[in-house]
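So the structure is just underneath, and the comments pick up after that.
The values are calculated or read from the model by the stated rules, or taken from the named source; none is laboratory data. Keep in mind it's a predicted model, so treat the numbers as computed, not measured. Here the Cβ positions follow ideal geometry from the backbone for every residue, glycine too, while neighbour counts run over all protein chains shown.
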Amino acid sequence: MIPISSSTKLRVGRLVKAHGLKGAIKLELYTDSPNERFVPGAILELQVPETSPWFGKTVEVTEMRMYNQMPVIFLKGIEDREAAETLIKAILLVESDLETLPAEPDAWYDHQLVGLRVIRDGVQIGLVQRVEHFPSQDLLAVKTETGEVLVPFVSAIVPIVDIQAGTVTVTPPLGLFEEIEESEEIEQVVSDASIELSSDSSSEVSE
């Protein structure tokens, strides 16, 4: 696993859908601190395809509001629905100092979990690719030899997270990694993992 630098780009949100006719865009949050990340005047970098007219550019926040419990963001220069549509699916990034960690003893930022080697019965079976946040619980998306497996991030299934060792230990129920169990030998799935982006959200193991 390549260590995160002290100045790392954090994912703080994703633009998901144009809202109304005045340039507003619905926002999927990747941060626990939206009121601090999306203040008026905040400059955000964009992760978009190289073919996008927004590639290599930044946007400036003018306002963030809540509509029916859904965050909606307004950006400088985006004044109509047509302009808003050009930004849909863009990931919003910020430069951040990662010295501060979650206060809870069993909580981690997404960037700390992504790239960790997943260990089962002493054998590496994959790598954590990302963390999915849902109202009921968080899920670790693990890339394995046979594909992607979503692992509930609960203490019964993920009893050990060892950031120093770069591993998470899993004790999954029968069937969660069934395809992996059927193979004769499990080899290391991904080598020289490269973590370019991190999320500003923190994840906590549920009991």
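See the values below:
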| item | result |
| --- | --- |
| Flag for VAL48 being β-branched (Val, Ile, Thr), surrounded by 17 or more Cβ atoms within 10 Å (Cβ to Cβ) and in contact (Cβ under 8 Å) with a residue 40 or more places away in the chain | yes |
| Residue pairs meeting the criteria (Cβ under 6 Å; at least 6 apart or on separate chains; first without any contact (Cβ under 8 Å) to a residue 60 or more places away in the chain, in segment 51-69; second assigned to a loop (DSSP other than H, G, I, E, B) and basic (Lys, Arg)) | GLU60/LYS76; THR62/LYS76 |
| Neighbours by Cβ (under 8 Å, 6+ apart or cross-chain): first from segment 13-32, closer than 11 Å to GLU85 by Cβ and part of a loop (DSSP other than H, G, I, E, B); second modelled with pLDDT of 95 or more and among the β-branched types (Val, Ile, Thr) | GLY23/ILE78 |
| In segment 132-141, residue nearest to the chain's Cα centre (by Cα) [restricted to those that are touching a residue at least 60 places away in the same chain (Cβ under 8 Å) and assigned to a strand (DSSP E or B)] | HIS133 |
| Unmet criterion (only one of (1) touching an Asp or Glu at 6+ places or on another chain (Cβ under 8 Å); (2) modelled with pLDDT under 95) for TYR67 | (1) |
| Hits in segment 71-96 (condition: assigned to a helix (DSSP H, G or I) and within 17 Å of THR31 (Cα to Cα)) | none |
| Qualifying position, being outside any loop (DSSP other than H, G, I, E, B), out of contact with any strand residue (DSSP E or B) (no Cβ under 9 Å at 6 or more places or on another chain) and under 28 Å from TRP108 (Cα atoms), among GLU45, GLU36 | GLU36 |
| Cβ-Cβ under 6 Å pairs, at least 6 apart or on other chains, segment 78-91 side free of Cβ contacts under 8 Å to residues at least 24 places away in the same chain, far side assigned to a helix (DSSP H, G or I) and surrounded by 14 or more Cβ atoms within 10 Å (Cβ to Cβ) | none |
| Any hit, segment 92-105, residues being modelled with pLDDT of 90 or more, assigned by TED's automatic domain parsing to the domain that holds TRP54 and under 14 Å from the mean Cα position of the chain (by Cα) | yes |
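Residue-wise test of (1) buried (at least 17 other Cβ atoms within 10 Å of the Cβ); (2) part of a loop (DSSP other than H, G, I, E, B); (3) in the same structural domain as THR31 (by TED's automatic domain parsing); (4) at pLDDT 90 or above.
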position: VAL128; (1), (2), (3), (4): yes, no, no, yes
position: LYS143; (1), (2), (3), (4): yes, no, no, yes
position: GLU148; (1), (2), (3), (4): no, no, no, yes
position: VAL161; (1), (2), (3), (4): yes, no, no, yes
position: VAL168; (1), (2), (3), (4): yes, no, no, yes
position: THR171; (1), (2), (3), (4): no, yes, no, yes
position: ILE180; (1), (2), (3), (4): yes, no, no, no
